[in-house]
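Heads up: the structure comes next, in structure tokens.
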Amino acid sequence: MDIDEIFMKQVLRLARKGLGSTSPNPVVGALVVKNGHIVGSGYHKKAGAPHAEIEALSNAGERAKGSTLYVNLEPCNHYGRTPPCTKAISDYGVRGVVVGMADPNPDVSGGGCEFLRSKGVEVRCGTLEEECARLNEVYIKYVTKGKPFVILKGALTLDGWIATPKGNSKWITNEKSRRFVHTLRKRVDAIMVGVETIIADNPLLTPYLTRGSRRDPVRVIADTNLRIPLDSRVFNKGTSALTIIAAGNNVSGIKRKRVEGLGARVINCQMRDGRIDLADLLDRLKEVSISSVLVEGGGTLFGSIIREGLVDKFYIFLAPKILGGDNGIPFMRGHGYYAIEDCLTLKVFMVRRFDDDIMIEAYPQR
């Protein structure tokens with residue numbers, strides 16, 4: 001590992017501090033290095049706050065002159081909620097900039113590096129590019145495809161069930177696994193479940209197991225016929241999180257008014273095979289600046305969203321339990337594949353243990 005990679009690793013650690021706070025902006029960290037020593041550091045704390053480069057340069061002050069700036073994403077060269085970072089880099093007298101990856105936003109890509117080079121700044125781009133891209137995979141999809149990044153989290157027994165025949169699923173996984181899931185909740189813009197999960201488990205859908213949560217994600221319930229009980233905990237007033245109910249066009253106006261009277265927002269989505277068209281729902285969520293969605297169940301929603309090819313990433317937890325029999329609730333409901341060669345294949349990125357539970361982090365191969 002060369003010196004640029006060593007400093008970029010530290011930049012990525014800084015950037016991760018912003019996970020869950022910067023949406024719809026990327027997570028970015030920055031270091032100011034002079035004569036081999038770090039003289040300034042910073043990260044983007046939240047949307048609208050100073051960018052990582054400004055934080056690091058301000059921290060360095062006059063020591064930034066003649067330094068090298070390390071940043072995991074190409075510095076911005078346009079006015080948004082904050083001024084362009086490229087001008088500040090030039091004004092501080094930075095000699096060189098090492099960039100992890102170009103900004104994937106088609107409206108600005110390359111402009112920052114080009115501006116800096118025009119000012120005589122030496123720019124090297126592509127250091128740990130794959131790691132930088134993975135850290136900002138949500139942002140990349142959001143700005144290039146115009147759709148939220150979809151993460152599916154499933155907890156299964158070793159024989160493939162997500163609940164007993166009566167719908168009981170508390171608790172398949174252990175406490176350490178559940179705490180990690182709540183960390184995931186804290187990092188996304190929205191949590192999505194089907195109405196069957198609300199009826200069976202009555203969850204809060206908030207990251208209540210984590211401390212110092214910056215905000216609660218939006219709660220999204222796919223409920224074609226608006227069957228959600230009016231005493232469901234997702235209508236809880238103890239959180240500022242918005243609850244969105246995605247329903248079909250034929251729901252009762254009276255029930256809709258009652259649900260909206262509890263503070264929820266009901267949106268009417270297109271239908272597909274008698275159910276909510278999930279692709280249309282995701283498009284509607286993008287309209288309210290939701291860039292990432294964590295899908296948590298149940299089997300009907302899992303089946304639909306996987307078959308429609310809408311999942312970008314999987315977190316599958318396997319617990320050392322065997323439910324037995326053939327009448328539990330499966331991971332996916334509905335029609336499966338008829339041939340092994342037709343199965344959805346996953347590229348495993350990481351396997352991790354939480355005591356006796358095993359978590360598989362993987363991406364679909366399309």
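Here are the numbers for this structure:
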{"item": "Karplus 3J(HN,Hα) series, Hz, for the range 281-291 with 6.51 cos²θ - 1.76 cosθ + 1.60 (x for Gly, Pro)", "result": "4, 5, 4, 5, 5, 4, 5, 10, 6, 8, 9"}
{"item": "Global geometry of the range 293-336, whether rounded, prolate or oblate, following the gyration tensor of its Cα atoms and the 1.5 cut on a/c", "result": "oblate"}
{"item": "Accessible heavy-atom area order of TYR363, TYR338, TYR315, TYR208, highest first, probe of 1.4 Å", "result": "TYR338, TYR208, TYR363, TYR315"}
{"item": "Whole-number percent relative contact order across the chain, with pairs defined as alpha carbons under 8 Å at least 6 apart", "result": "15 percent"}
{"item": "Whole-Hz ³J(HN,Hα) from phi, Karplus 6.51 cos²θ - 1.76 cosθ + 1.60, for the range 51-67, glycine and proline x", "result": "6, 4, 4, 5, 4, 5, 5, 4, 5, 7, x, 5, 5, 6, 5, x, 8"}
{"item": "Coil-residue GluC sites (Glu not before Pro) of the range 71-171, DSSP, other Cβ within 10 Å capped at 16", "result": "none"}
{"item": "The range 212-285 shape via C-alpha gyration tensor axes, a/c threshold 1.5", "result": "oblate"}
{"item": "With Cα atoms, 0 to 90° folded angle of helix 175-187 axis to the chain main axis", "result": "60 degrees"}
{"item": "Selection of trypsin sites (Lys or Arg not before Pro), the range 227-261, meeting DSSP coil and at most 12 other Cβ within 10 Å", "result": "LYS237"}
{"item": "Heavy-atom surface of the range 36-158, accessible at 1.4 Å and reported per residue (Å²)", "result": "45 Å²"}
{"item": "Euclidean distance of C-alpha centroids, the range 144-160 and the range 245-308, integer Å", "result": "16 Å"}
{"item": "Amide H contacts under 5 Å for SER292, placed H, 5+ residues apart", "result": "PHE149, ASP189, ALA190"}
{"item": "Magnitude of the charge dipole, the range 305-366, Cβ model with Lys/Arg +1 and Asp/Glu -1, debye to 20", "result": "120 debye"}
{"item": "For the range 297-314, 3J(HN,Hα) per residue [Karplus equation, 6.51 cos²θ - 1.76 cosθ + 1.60, θ = phi - 60°, Hz, x = Gly/Pro]", "result": "x, x, x, 5, 5, 4, x, 5, 6, 6, 4, 7, x, 9, 8, 9, 7, 10"}
{"item": "5 angstrom amide H check on ASN72, placed H, neighbours 5+ away", "result": "GLY29, GLY100"}
{"item": "Sequence-distant lysines (8 or more away, or on other chains) whose Cα lies within less than 23 Å of LYS176", "result": "LYS17, LYS153, LYS186, LYS313, LYS321"}
{"item": "For the range 1-118: rounded, prolate or oblate by the Cα gyration tensor [a/c cutoff 1.5]", "result": "rounded"}
{"item": "Mean ellipticity per residue at 222 nm, deg cm²/dmol - from DSSP H runs of n ≥ 4 across the chain, formula -39500 (n - 2.57)", "result": "-8000 deg cm²/dmol"}
{"item": "Cleavage-rule hits, chymotrypsin sites (Phe, Trp or Tyr not before Pro), the range 99-174, DSSP coil, Cβ neighbours within 10 Å at most 12", "result": "TRP171"}
{"item": "DSSP bridge pairs, the chain: antiparallel proportion in percent, nearest 5", "result": "45 percent"}
{"item": "Extreme residue, positive dipole direction of the range 218-366, given options GLY324, LEU294, ALA264 (C-beta unit charges)", "result": "ALA264"}
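The values are calculated or read from the model by the stated rules, or taken from the named source; none is laboratory data. Note that this is a predicted model, so its numbers are computed, not measured. Cβ atoms come from the backbone with ideal geometry, glycine included; neighbour counts cover every protein chain shown. Only protein heavy atoms, including side chains, enter the accessible area calculation; ligands, DNA and RNA are left aside. Shrake-Rupley method; radii C 1.70, N 1.55, O 1.52, S 1.80 Å.
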